[in-house]
Every structure is written in C-alpha cells, then in structure tokens.
1. Going by the conditions given, is A89 at pLDDT 95 or above and not polar (S, T, N, Q)?
2. Please work out which residue is modelled with the highest pLDDT, limiting yourself to the stretch 31-60 and to residues that are over 14 Å from the mean Cα position of the chain (by Cα) and charged (D, E, K, R).
3. Which of the residues that make up the stretch 59-93 are among the β-branched types (V, I, T) and assigned to a helix (DSSP H, G or I)?
4. Counting only residues that are touching a residue at least 40 places away in the same chain (Cβ under 8 Å) and of a type in the set (A, V, I, L, M), how many does the stretch 69-88 have?
5. Filter the stretch 62-108 down to residues that are more than 15 Å from the chain's Cα centre (by Cα) and polar (S, T, N, Q) and give me whichever is nearest to F43 (Cα to Cα).
Amino acid sequence: MIDRLASLWPKPLSGTVGGGASAAGGAADRAAQDTGASFQTVFREALRSLEAGERAADQSTAAFALGLPIAPHQVMLSVEAARLNLELAVQIRNKAVEAYQELMRMPL
C-alpha cells in the first residue's frame, strides 16, 4: 500500500529555476523501492519533494518578477505543479484523518 501511494506522489517539474526540484523529485520513489522502507521514511521524502516543488515555484516567480530571462509559461507551469502537489497532500491528509476517525468510531 505504501509503495503504491508513493508511486502516485507527483514529482516536481524538472528544468525549473534553481534545479533543486529535479534532485528531490524521485526521492519518494527511491524510498518506497527500498525493501525496508518505513512509512516514516516515505512520508518524510514525500514532504521533502513537496517542499522542493514549492521552492522551485517561488524561485521561478521571483526570477520572473525581477525581469530575469524566464518564460512566462515556465513560471505558470511550476506554480501550477506546486499548487496541485499541495492540493494532493491536503487530500491525502483529509483521507488519513477520515480513516483515523472511522477507526475511533469502531466498537471494541
């Protein structure tokens, strides 16, 4: 289940300003492929990947605002990818909370 969840986690776009996103993009997949990957490891790497995508979007937006040579469509793609990654993380959190609440409602 964890391997399947980690494989569905979106990867930040490569080629954005800063380049940090492409290095962290497959981190969750690499962690999930390890035979002894714990949930904590997969979760930590997924959050790092999310943060790297947001950082890349911030950097591309700042570069565009400063007038550096960056294409507007590249800025929009990095911002939209970061938004979608965050939306997915929120939905996963909501499902986890919902599952926990369902477990707490079960009689013993």
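1. Working: at pLDDT 95 or above: no; not polar (S, T, N, Q): yes.
No, not satisfied.
2. Only one residue fits best here, namely D58.
3. Initially, the stretch 59-93 is screened for residues among the β-branched types (V, I, T), giving 61, 70, 75, 79, 90, 92.
Result: T61, V75, V79, V90, I92.
4. Initially, the stretch 69-88 is screened for residues touching a residue at least 40 places away in the same chain (Cβ under 8 Å), giving 70, 74, 77-78, 81-82, 84-85, 88.
Those left that are additionally of a type in the set (A, V, I, L, M): 70, 77, 81-82, 84, 88.
The number of residues fulfilling the criteria is 6.
5. Of everything passing the filter in the stretch 62-108, N94 is nearest to F43 (Cα to Cα).
Quick grid of which residues meet (1) in contact with a helix residue (DSSP H, G or I) (Cβ under 7 Å, 6 or more places away or on another chain); (2) loosely packed, with under 10 Cβ neighbours inside 10 Å:
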residue: E54; (1), (2): yes, no
residue: S60; (1), (2): yes, no
residue: P69; (1), (2): no, yes
residue: L77; (1), (2): no, no
residue: L84; (1), (2): no, no
residue: A89; (1), (2): yes, no
residue: N94; (1), (2): no, no
residue: E102; (1), (2): no, yes
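The values are calculated or read from the model by the stated rules, or taken from the named source; none is laboratory data. Worth saying up front: this structure is predicted, and the values here are computed from it rather than measured. Positions of Cβ are backbone-derived with ideal geometry, glycine not excepted, and every protein chain shown enters the neighbour counts.
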